[in-house]
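Student: Structure in C-alpha cells, see below.
The values are calculated or read from the model by the stated rules, or taken from the named source; none is laboratory data. The model shown is predicted, which means the values in this text are computed figures rather than measured ones. Glycine also receives a Cβ, built like all others from the backbone with ideal geometry; neighbour counts cover every protein chain displayed. Heads up: the accessible areas ignore ligands, DNA and RNA and are worked out on the full protein's heavy atoms, side chains in. Shrake-Rupley method; radii C 1.70, N 1.55, O 1.52, S 1.80 Å.
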Amino acid sequence: MRKIFSFKYQLAVSILVVVFSSSLFAESSVVGVMPFEGDDKKAGEQSAAFVLTNLSSRKKFKFVEKGQLKKALDEITMTKSGIVKEDEILELGKIHGASYLILGEIRKEKSPKETYFVSARVIKTETGNIIGAHKASCSVLDKCSDRIADALDELLSVVLLFENPMSPYI
C-alpha cells in the first residue's frame, strides 16, 4: 500500500515538474540555429532547417528567425574575406537575443553507399561555452537531423531546467 502511494506521489510530482518547467523554458529561452557547415551548402541548410522545424514543433523554446541570423552573417562575411570566426557568430546570436546557438557540420560520403555524417553543438552565447554536442550518421539526411534534434532537445531541457532560477532543482 505504501509503495503504491509513494509511486503515485512521485508520478504526480514528476508531471508537475515537467509541466511547470516546460512553461518556464518557453518564457526564457531563445535559441538560434545556424546553417550547418560542410562541403554541401544546400545539405547544411536543409539539416539546420530540419533541426529547427523539429525543435520548434515541440513548443519548448523560442527561436530567433533564421533569416535574421543568416542576413547578419552574410553582411559580416561580405565585409571580411569570407571567413567568419565562431566568436563573431556568438556575438551575432547575442545581438538577436539568442541565449543559445546551435552550430553544426555535415559531411556526405559515397562509399560504399551514400551516408551523411551530421554533428551539432549547443553553445551558450553569453560565455561561448559548449554545453553539449551530438553526432549521427544515416543514409537519409532528415533521419540524422531528427536524431540530432532529439538529443539537443533533451540537452537543452536539462540545462535550462538547472539554469532557471524558478527551478525546484537549484
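Student: Which residues, taken from segment 100-118, are more than 11 Å from the chain's Cα centre (by Cα) and surrounded by 18 or more Cβ atoms within 10 Å (Cβ to Cβ)?
Tutor: The initial filter retains those residues of segment 100-118 that are more than 11 Å from the chain's Cα centre (by Cα), namely 105-118.
Scanning segment 100-118 gives 106, 116, 118.
Student: Something else: What are the pairs, 6+ residues apart or on separate chains, where a residue within segment 118-147 that is polar (S, T, N, Q) has its Cβ under 6 Å from a residue that is open to solvent by 40 Å² or more (accessible area, probe 1.4 Å) and modelled with pLDDT of 85 or more?
Tutor: Between residues of segment 118-147 that are polar (S, T, N, Q) and residues that are open to solvent by 40 Å² or more (accessible area, probe 1.4 Å) and modelled with pLDDT of 85 or more, the close pairs are 119/105; 119/135; 137/117; 145/50.
Okay, residues lined up against (1) at pLDDT below 85; (2) closer than 17 Å to residue 46 by Cα:
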site	(1), (2)
67	yes, yes
78	yes, no
81	yes, no
103	no, yes
117	no, yes
124	no, no
148	no, yes
162	yes, no
169	yes, no
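Student: Looking only at segment 99-152, how many residues end up being under 13 Å from residue 36 (Cα atoms) and among the aromatic types (Phe, Trp, Tyr)?
Tutor: 2
Student: Restricting to segment 120-141, count the residues that are among the polar types (S, T, N, Q), touching a strand residue (DSSP E or B) at 6+ places or on another chain (Cβ under 9 Å) and open to solvent by 40 Å² or more (accessible area, probe 1.4 Å). Steps first, please.
Tutor: Pass one, segment 120-141, residues among the polar types (S, T, N, Q): 125, 127, 129, 137, 139.
Cutting the leftovers down to touching a strand residue (DSSP E or B) at 6+ places or on another chain (Cβ under 9 Å) gives us 125, 129, 137, 139.
Imposing the further condition that a residue be open to solvent by 40 Å² or more (accessible area, probe 1.4 Å) reduces the set to 129, 137, 139.
The qualifying residues number 3.
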